[in-house]
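Beneath this line is the structure, given in structure tokens, with notes to follow.
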Amino acid sequence: MVAVSSATSAGVVLFGKNSDREYDEAQFLELIPAARHETGARVRLTYQEINQARETHTALLSKPHWIWGAEIGANAYGLVIGNEALFSKIEASAADGIIGMDYVRLALERAKDVEEGISTITTLLREHGQGGNCGYRQKMAYHNSFILADPSGGKVLETVDREWVVTGVKDYYAISNAMTIGSEFEASSLTLTARAIQAGIYENGAPFALDAVFADQTKVASGNHRRGRAMKLLRARSGSLKPVDFFGILRDHKEGQPLSGRLTGPRICAHTRESPLGETAASWVATIARGKAVHWVTGTGAPCTGVFKPVLIECGLPEHGPAPRGEPDAVSLWWRHEELRRGLDEGDQDARAAFNSERDDLEEYFLHRMANCPPVTDDTSRTEARRIVEACWREALAFEARWHELVCTHTCITGVNAPGR
């Protein structure tokens, strides 16, 4: 989701995203430094190799542990991007290609703003298309939508195969696993309607709306609920939205109607084994202003128990332990938090309330610290900003470690495989 300056209390742009992936699919934060590359250099993505750009920008990524690209990311110029799976009447290709998460990273490394980000994705999309298995243990192929934001505002890019449409964000906008763009959009691929005619899903000359023509309506209920719920919560605070409101939306547990074959309904903060995209594996909120972009990241699953911690790309990514892999471990932040989260879910509700209260107070303190943190303009301000950011991280990690000890004492790390939410 994105809220532009007209909808926020401080006149900044706010971005937020939950990354919903498979249950137990660990995710981690990585800072990729800017680089210059030789002419003719190639870059290996998750499945495919393509020509490398002459220069790539510094990018902060939140990425599934096995993928080259990212579910969420930002770069040093204040561009932030997230992607969502889309399902169309035109079947997505499972053949090795460029997946949506790779496009997120490619755009962040090659573009400086929203317009350049859209141009990067759509140009590469026309050349290479999209495709490949995006599932970790369960094979899954899908098309992609992207929500992009920078200090000037935000836009939404929805794609099917090599086709695409773009719409701008007015006040606020949310996307999920369903198409949101209908007949009104500001730009599209030149062959959009021709592709629909070729596929036999559109009659030339009839009214055209992307969602009505392309969307697989059998797979939109979950996405429509999450998107609708997010839009309702954004609307309620429009004009005064703050980062803490975005934290709350990403933690929302309001369920929709149970889906066929499942015991529970969809919700924004997910942690259920029932769905192929059943666990929120990472969360991110960004406050984007000219000269200062603060990225609030959990580095963990389930934002309802995660702590949003600040990152300034100019100051680097604070040390927070080794990257997780596919199996539980006792040292990575992601897996230790997953054990804590499941312990809190299954434990005493008074303890959960105490945890939430202490966590909320800690985040309020972090927000205050960062509001008074000066923009990074030289080495002196960078040193001071890094000191503030790293102090926030130390406090957050100490908080989680203390609660992990309280909740998970005498429980081995294999406890994260306990059934249920």
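The values are calculated or read from the model by the stated rules, or taken from the named source; none is laboratory data. Keep in mind that what you see is a predicted model, and the values were worked out from it rather than measured. Cβ atoms come from the backbone with ideal geometry, glycine included; neighbour counts cover every protein chain shown.
Select from the stretch 126-162 the residues that are more than 20 Å from the chain's Cα centre (by Cα) and without any contact (Cβ under 8 Å) to a residue 40 or more places away in the chain and write down the one among them that is surrounded by the fewest Cβ atoms within 10 Å (Cβ to Cβ).
Glu127
Looking only at residues in the stretch 127-175 that are hydroxyl-bearing (Ser, Thr, Tyr) and part of a strand (DSSP E or B), which one is nearest to Ala221 (Cα to Cα)?
The residue in question is Ser145.
In the stretch 184-217, which residues are in contact (Cβ under 8 Å) with a residue 24 or more places away in the chain and either in contact with a His (Cβ under 6 Å, 6 or more places away or on another chain) or among the hydroxyl-bearing types (Ser, Thr, Tyr) (or both)?
Scanning the stretch 184-217 gives Ser188, Ser189, Thr191.
Would you check if Arg226 is surrounded by fewer than 20 Cβ atoms within 10 Å (Cβ to Cβ), part of a helix (DSSP H, G or I) and at pLDDT 95 or above?
no
Is there a residue in the stretch 164-181 that is charged (D, E, K, R) and either over 30 Å from Lys292 (Cα atoms) or buried (at least 18 other Cβ atoms within 10 Å of the Cβ) (or both)?
Among the residues of the stretch 164-181, not one is charged (D, E, K, R) and either over 30 Å from Lys292 (Cα atoms) or buried (at least 18 other Cβ atoms within 10 Å of the Cβ) (or both), which makes the answer no.
Mind telling me which of the residues Gly248, Gly347 ends up being under 20 Å from Met1 (Cβ atoms), among the small types (Gly, Ala, Ser) and surrounded by fewer than 21 Cβ atoms within 10 Å (Cβ to Cβ)?
One residue alone meets the criteria, Gly248.
Step by step: first the residues of the stretch 27-62, then only those that are among the charged types (D, E, K, R) and more than 19 Å from Ala111 (Cβ to Cβ), then the one that is surrounded by the fewest Cβ atoms within 10 Å (Cβ to Cβ). Which residue is that?
Per the criteria, the residue is Glu38.
Kindly check whether there is at least one residue in the stretch 39-46 that is in a strand (DSSP E or B) and under 27 Å from His271 (Cβ atoms).
no
Just need a number here: residues in the stretch 22-43 that are in contact with a strand residue (DSSP E or B) (Cβ under 9 Å, 6 or more places away or on another chain), more than 18 Å from Gly73 (Cβ to Cβ) and without any contact (Cβ under 8 Å) to a residue 40 or more places away in the chain.
Residues flagged as in contact with a strand residue (DSSP E or B) (Cβ under 9 Å, 6 or more places away or on another chain), more than 18 Å from Gly73 (Cβ to Cβ) and without any contact (Cβ under 8 Å) to a residue 40 or more places away in the chain within the stretch 22-43 amount to 5.
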